[in-house]
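Down below is the structure, laid out as structure tokens.
The values are calculated or read from the model by the stated rules, or taken from the named source; none is laboratory data. On a predicted model such as this, the values are computed, not experimentally measured, just so you know. Methodologically, a virtual Cβ is constructed for each residue, glycine included, from the backbone with ideal geometry; neighbour enumeration extends over all protein chains shown.
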Amino acid sequence: MLRIENLTKSFNGLVAVDHISFHVQKGEIFGFLGPNGAGKTTTINMICSLLKPDGGSIFIDDADIQFGPAKLRNKLGVVPQETALYEELSAEENLMFWGSLYGMSGKALKTRVAELLELTGLQERAGERVKNYSGGMKRRLNMAAGMIHTPKLLLLDEPTVGIDPQARHNMLEMVRDVARKGTTILYTTHYMEEAELLCDRLAIIDHGRILVMGTQQEIQQVVGENRLLKVSGTFSPETAELLAKQIAGLTLVSLKEKELVYGLPVKFGTGQFIEKLVAAGFKIDNLSIKEPNLDTVFLKLTGRELRD
Amino acid sequence: MIWKLLKKDIVRRLRNPGGFILLVLLPLLISLLLGLVFGGGRDNRVMPEVKLLIEDHDHGLASQFIAGAFHRGELARLFDVKSVDEGVGRRMMDKGEASALLIIPKGFADSLVSEKPTELILVKNPSESFLPKIAEETIGILSEGGDRLVRIVENPLRMIRKSAQNDSIVSDEKVAAISILFKNLIEKTKNLFFPPLIRFNQVAQKEGKKQTSGSVLFAYLLAGNTLMALLFVLEIFARDFFRERDNQTLYRMLTSPVTSRQYLAAKLIFLFVAALLAYLLVWLAGLLFFGIRITQPISFLVLSLLIVSALTGVIALLYAVVKTRTQAASLAPAIIIVLSMLGGAMIPFGSLPGFMKKIAFISPVYWGTDGLHRIVISHESLAAMPLHVGVLFSLGLLLNILAFILFAKKVQL
Ligand SMILES: Nc1ncnc2c1ncn2[C@@H]1O[C@H](COP(=O)(O)OP(=O)(O)O)[C@@H](O)[C@H]1O
Ligand SMILES: [Mg+2]
């Protein structure tokens, strides 16, 4: 459905997207997980041909978007990172307007609008101006506006930023719902939990590069059955490296002046390990333990946490 | 598609009509205020100076009253009055040295007292469009006032004259009678509809033109003020270019089948339509409430379309050139004021310093204001001003196309 090859884009020397390649199968929810500034929005902008790539190609349904993006727009739905709505108009008027741009009209449009209003739980306040809506309501409407024309490919750019857990649950449910009905989805987020809950396959990206890609199980293998221990305090780097060599299975993921991350096999007791650290002369100010999940994958790959 | 976009913008604008209404009222209020200044204001610079010659053939009290009126107070600011000897006035008019010549005929005062109809003669310079008109109006008001004055005072005068003739002590009856007369007098002052005693006759210098009554001064002011307000209306509406970008609706629009050209066309049409609406509302109010008469409706409408499209082009181009909302916000007022100033919309064109007059032709406001003056005040038709039509049409076309092209580049990211 969506195939991307060697996509590249830089802004005044800053490489925002760096030779990215991936493909999303029909009906799949593909996650794009990465921290702020990773290049998610830039990638999406190029897919909907708002931004011209410096290099690489994008195919939607095997058609290169360089040739006739206008025709492809009917197949494409976008939920922008910022809410993109007319505040002076009501929810219903917004949806009617956006729908009409895709050639929808009359009863079909009305039915679809009513359906989405119900799905988003906005039907009771559908006639009210969007200006008076809460942040969460706007987000839901923003999402509905992107799927008004039942697109074949839906690009969601961090659609749940800054909303309460209940509204988020509702929105994730909506995404699953459209996916079940056959829409292919590219879902970008910096929330590890969302990616875990929602995505069939995903790519973790940072600084414009895909670090790892695959199903969740495949990605999990990067850290294996390892917990991650992040230690901050005072220690000598030599000792830290030596320790990693002495204990079987222990890996040194990252090492900075006052902070390091170890990958520790699950079978190795953490208490026992901390004792070893103290014995080796570590002065520990802070210590955190991460169970194996996507966050730990990111930590392992970059030495940083997703939410840094 | 363009219609869908346009409809959406119209609905949005209707939800917040406040600014729009204010901007329609603004030129009316400003013109009204300035018009009132005519009767007693401070800043005479808002008014053009009318060069008026007075040729007094009567040398009576009434003619001194009229001539004197122009030398006093507010009228003195508006008029540059020169008393000339008999025959001199005509010669000066022939040379185009004045806007109008007022001739007070021999026996003017006597006719007044004996209630015989009499005439004031105003000769107007046809090469000037509205200044003679102002002279005409003022003299009309003066003669009406003089007329009323004569009628009001005549009865008490007669009564007092009679008392004096009888040479007797005023009796109680007479006191009663006089008080009744004064009561009538007060009532009469309320009555505004006397048949005029002084007929006021105007003669155009060379060819006679059909004259209409109506507030010439108001029309004069309204023309400039409307165009200036129009620029402000357009500027406010043009902010939507940034609003759509900032609130990301432009982003969403461009991911839909809408092309950037359709989007821009809809926006430009919206600017044009909204400005035209504001413009027509202003003039409608002028017609209904301020006695402006438009005798050349087709010329007026065509000129109006040309004006609105040229001014739309000015603002659209401004917004196409600037990068940010702040840039637009700081540049726009300066540009609007310079263009309005040059165009004679703020200070009468005749009072502008010479260098400004020389470069005024660069401002579409100049062509618009002058064209409007000629149609609304001098009742010329558009056929008489091909240059105005040509300039405004070309500006409208050029500026809008240029704005469109520059915008298209910008919108495509
Ligand atoms: N229009 C732009 N001009 C310059 N730099 C940009 C522009 N858009 C994005 N960037 C930069 O590109 C990088 C990736 O940004 P973005 O794609 O928005 O990241 P994400 O959506 O993952 O948070 C960031 O460093 C950002 O500052
Ligand atoms: Mg982003």
Residues that are of a type in the set (A, V, I, L, M), buried (at least 17 other Cβ atoms within 10 Å of the Cβ) and more than 16 Å from ligand 2 (Cβ to nearest atom): find the strands (runs of 3 or more DSSP E) completely inside the range A:1-90 holding 2 or more of those.
A:2-11, A:55-60
Being touching an Asp or Glu at 6+ places or on another chain (Cβ under 7 Å) and facing chain B (nearest Cβ under 8 Å) is the filter here; which residues of the range A:54-110 pass it?
A:PRO80
So if I check each of B:LEU342, B:LEU387, B:LEU406, which one is in contact (Cβ under 8 Å) with a residue 60 or more places away in the chain, of a type outside the set (Gly, Ala, Ser) and assigned by TED's automatic domain parsing to the domain that holds B:PHE290?
B:LEU406
Here is a check on your reading of the model: is A:GLY146 away from chain B (no Cβ under 14 Å), within 16 Å of ligand 2 (Cβ to nearest atom) and in contact with a helix residue (DSSP H, G or I) (Cβ under 9 Å, 6 or more places away or on another chain)?
no
Considering every residue within the range B:361-371, establish whether at least one is assigned to a loop (DSSP other than H, G, I, E, B) and on the phi > 0 side of the Ramachandran plot.
no
Is at least one residue of the range A:91-106 out of contact with any Ser or Thr (no Cβ under 7 Å at 6 or more places or on another chain), of a type outside the set (Gly, Ala, Ser), more than 15 Å from ligand 1 (Cβ to nearest atom) and under 30 Å from A:MET213 (Cβ atoms)?
no
Residue among B:ALA408, B:ALA384, B:ALA403 that alone is closer than 30 Å to B:VAL322 by Cβ and surrounded by fewer than 20 Cβ atoms within 10 Å (Cβ to Cβ)
B:ALA408
Per-region count, the range B:242-267, residues at the interface with chain A (Cβ under 8 Å from one of its Cβ atoms) and small (Gly, Ala, Ser):
1
Residue within the range B:324-338 that is crowded, with 19+ Cβ neighbours inside 10 Å and under 19 Å from B:HIS379 (Cα atoms) present
no
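When you scan the range A:118-125, do you find a residue that is touching a residue at least 12 places away in the same chain (Cβ under 8 Å), within 16 Å of ligand 2 (Cβ to nearest atom) and surrounded by 22 or more Cβ atoms within 10 Å (Cβ to Cβ), even just one?
So far as the range A:118-125 goes, no, none of its residues is touching a residue at least 12 places away in the same chain (Cβ under 8 Å), within 16 Å of ligand 2 (Cβ to nearest atom) and surrounded by 22 or more Cβ atoms within 10 Å (Cβ to Cβ).
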Subset of the range A:188-228 that is part of a helix (DSSP H, G or I) and within 16 Å of ligand 1 (Cβ to nearest atom) - its residue that is farthest from the other protein chains (Cβ to nearest Cβ)
A:MET192
Criterion (out of contact with any strand residue (DSSP E or B) (no Cβ under 8 Å at 6 or more places or on another chain) and either surrounded by fewer than 20 Cβ atoms within 10 Å (Cβ to Cβ) or among the charged types (D, E, K, R) (or both)) met by exactly one of A:GLU241, A:GLU196, A:GLU225:
A:GLU196
Quick test of your reading of the structure: A:GLU124 fulfils all but one of (1) away from chain B (no Cβ under 12 Å); (2) within 16 Å of ligand 1 (Cβ to nearest atom). Name the failing condition by number.
(2)
